[in-house]
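Here the structure comes first, spelled out in structure tokens, and everything after it is commentary.
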């Protein structure tokens with residue numbers, strides 16, 4: 001048995017690999033040994049307190065947690081029969097800031113998590129790491145212009161958002177988006193417009209950017225087709241790059257969050273594990289950029305899928321392309337916002353006036369579908385449940401290995417396993433709530 005404490009992730013994860021007589025991996029266990037207890041911390045607090053607490057679940061995707069909380073609280077109003085008015089401006093600003101968080105996460109994952117493990121110590125990372133940080137910081141500035149700060153923004157609440165951007169602030173946010181796009185083009189060898197519209201996979205290998213460099217390295221390591229799993233994909237919420245839905249290989253269907261269920265964590269002798277597996281109608285599904293591209297019928301990703309299925313190369317390209325799509329569409333969306341509309345329309349009733357309520361909010365975060373469920377009694381939180389993308393992709397059940405664990409079976413060595421593992425972008429902090 002081989003054990004590795006995986007670093008360069010949000011938090012820590014323990015990867016345990018068992019090999020067969022031929023030296024190939026026959027079983028992979030992914031354990032998350034630490035827990036922070038955010039769900040318990042929220043109990044008995046005022047419902048609106050969650051708007052300050054949940055953005056602090058994670059330092060890199062906290063904005064998605066804010067949006068899921070807002071959606072959950074707004075669904076409580078809906079259950080009570082109270083109609084909330086939310087302006088098109090507020091909805092667009094929410095989508096814009098969430099998309100910017102997703103882009104900065106994609107760039108950090110590519111340059112700080114994936115490239116180091118694939119390229120190895122011989123790769124000169126200084127220039128690419130600097131570019132990644134600069135581009136990610138530009139996206140963070142765009143969020144801060146609208147949300148007042150970055151990270152841990154709490155500018156959204158039931159009824160809208162707490163900002164009223166001026167024309168100058170819109171220009172500042174657009175400038176940040178354009179800066180991130182320029183750095184994307186410099187490092188990837190394709191403009192965001194060209195990448196967003198790209199349909200022919202062969203063109204990727206002919207560029208001179210970092211993505212092509214990575215793909216050629218994966219090809220040399222015989223890993224382009226590695227990491228295939230269940231070939232089932234799930235998207236719980238509509239998002240800037242496409243719709244909600246599920247895809248079984250290429251067959252699409254609608255989704256209902258009522259079928260999402262958590263299970264008890266996989267137990268491993270001598271090691272704590274707090275990662276609860278989550279399934280949809282009893283089955284594991286992959287979430288994230290590859291799932292979103294498959295459900296959205298992205299032509300580039302669909303072509304890659306026909307050749308490589310749900311392999312590490314398809315997963316990586318889907319995420320890089322999504323960054324380009326989000327940059328393009330976010331700029332378009334920001335230009336169209338009517339700044340004269342109200343940002344916030346106060347609800348007619350406070351949550352404490354509405355008795356016992358249940359609500360849930362689903363959003364698409366960088367790593368995949370995020371679901372918050374809340375049970376309120378007279379405006380206070382009786383129960384709060386956070387189901388994260390890493391639970392979908394990384395956690396296994398006692399009776400069945402999960403998505404990433406299945407993707408590692410049959411690989412030739414632990415280096416290949418770590419590459420597949422990090423292609424899912426692990427977040428221990430979000431997983432163990």
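Whether any residue in region 161-174 is assigned to a helix (DSSP H, G or I), buried (at least 16 other Cβ atoms within 10 Å of the Cβ) and within 20 Å of the chain's Cα centre (by Cα) is what I want to check. Taking every residue of region 161-174 in turn, none turns out to be assigned to a helix (DSSP H, G or I), buried (at least 16 other Cβ atoms within 10 Å of the Cβ) and within 20 Å of the chain's Cα centre (by Cα). Here the condition is being free of Cβ contacts under 8 Å to residues at least 24 places away in the same chain and either in a loop (DSSP other than H, G, I, E, B) or under 30 Å from residue 331 (Cα atoms) (or both); of 83, 66, it holds for 83 alone.
Output yes when any residue across region 370-382 is within 20 Å of the chain's Cα centre (by Cα), at pLDDT 95 or above and either within 16 Å of residue 263 (Cβ to Cβ) or surrounded by fewer than 24 Cβ atoms within 10 Å (Cβ to Cβ) (or both), and no when none is.
Taking region 370-382 as the starting set, the residues that turn out to be within 20 Å of the chain's Cα centre (by Cα) are 370-373.
Of the ones still in play, those that are also at pLDDT 95 or above are 370-373.
Within this subset, residues satisfying the condition of being either within 16 Å of residue 263 (Cβ to Cβ) or surrounded by fewer than 24 Cβ atoms within 10 Å (Cβ to Cβ) (or both) are 371, 373.
Looking for residues that are within 20 Å of the chain's Cα centre (by Cα), at pLDDT 95 or above and either within 16 Å of residue 263 (Cβ to Cβ) or surrounded by fewer than 24 Cβ atoms within 10 Å (Cβ to Cβ) (or both), one finds at least one in region 370-382, hence yes.
Within region 16-57, the set of residues being assigned to a loop (DSSP other than H, G, I, E, B), in contact with a strand residue (DSSP E or B) (Cβ under 7 Å, 6 or more places away or on another chain) and more than 29 Å from residue 356 (Cα to Cα) comprises 20, 32, 33. Restricting attention to region 1-40, the residues being in contact with a helix residue (DSSP H, G or I) (Cβ under 8 Å, 6 or more places away or on another chain), under 27 Å from residue 59 (Cα atoms) and either surrounded by 15 or more Cβ atoms within 10 Å (Cβ to Cβ) or modelled with pLDDT under 75 (or both) number 14.
Taking region 208-226 as the region of interest, how many residues are more than 25 Å from residue 417 (Cβ to Cβ) and surrounded by 17 or more Cβ atoms within 10 Å (Cβ to Cβ)? Adding up the residues that qualify gives 1.
Highlighted here would be strands (runs of 3 or more DSSP E) found entirely within region 351-433 that include at least 2 residues which are within 27 Å of residue 243 (Cα to Cα) and without any contact (Cβ under 8 Å) to a residue 40 or more places away in the chain, but there are none.
Can you list the strands (runs of 3 or more DSSP E) lying wholly within region 208-287 that have 3 or more residues being under 21 Å from residue 359 (Cα atoms) and touching a residue at least 40 places away in the same chain (Cβ under 8 Å)?
278-280
For every residue, the table says whether it meets (1) modelled with pLDDT under 95; (2) under 19 Å from residue 372 (Cα atoms).
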| site | (1), (2) |
| --- | --- |
| 57 | yes, yes |
| 77 | no, yes |
| 81 | no, no |
| 86 | no, no |
| 91 | no, yes |
| 95 | no, yes |
| 99 | no, yes |
| 109 | yes, no |
| 112 | yes, no |
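This table checks each residue for (1) crowded, with 23+ Cβ neighbours inside 10 Å; (2) closer than 30 Å to residue 129 by Cα.
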{"position": "228", "(1), (2)": "no, yes"}
{"position": "254", "(1), (2)": "no, no"}
{"position": "263", "(1), (2)": "no, no"}
{"position": "272", "(1), (2)": "no, no"}
{"position": "281", "(1), (2)": "no, no"}
{"position": "285", "(1), (2)": "yes, no"}
{"position": "317", "(1), (2)": "yes, yes"}
{"position": "321", "(1), (2)": "yes, yes"}
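Please verify whether region 148-159 includes one or more residues that are out of contact with any helix residue (DSSP H, G or I) (no Cβ under 6 Å at 6 or more places or on another chain) and closer than 14 Å to residue 326 by Cα. Checking region 148-159: not a single residue is out of contact with any helix residue (DSSP H, G or I) (no Cβ under 6 Å at 6 or more places or on another chain) and closer than 14 Å to residue 326 by Cα.
Applying the criterion of being buried (at least 18 other Cβ atoms within 10 Å of the Cβ) and touching a strand residue (DSSP E or B) at 6+ places or on another chain (Cβ under 7 Å) to the residues of region 348-365, the residue that is nearest to residue 47 (Cα to Cα) is 351. Taking the criterion of being more than 19 Å from residue 112 (Cβ to Cβ), in contact (Cβ under 8 Å) with a residue 40 or more places away in the chain and assigned to a helix (DSSP H, G or I), the residues of region 294-320 that qualify are 294, 295, 299, 300, 302, 303, 304, 305, 307, 308, 313. Applying a threshold of 7 Å to beta carbon distances and a minimum spacing of six or more residues, or different chains, the list of pairs starting in region 160-181 at a residue that is at positive phi and at pLDDT 95 or above and ending at one that is buried (at least 19 other Cβ atoms within 10 Å of the Cβ) and part of a helix (DSSP H, G or I) reads 160/90.
The values are calculated or read from the model by the stated rules, or taken from the named source; none is laboratory data. Note that the structure is predicted; figures quoted are calculated from it, not measured. Glycine also receives a Cβ, built like all others from the backbone with ideal geometry; neighbour counts cover every protein chain displayed.
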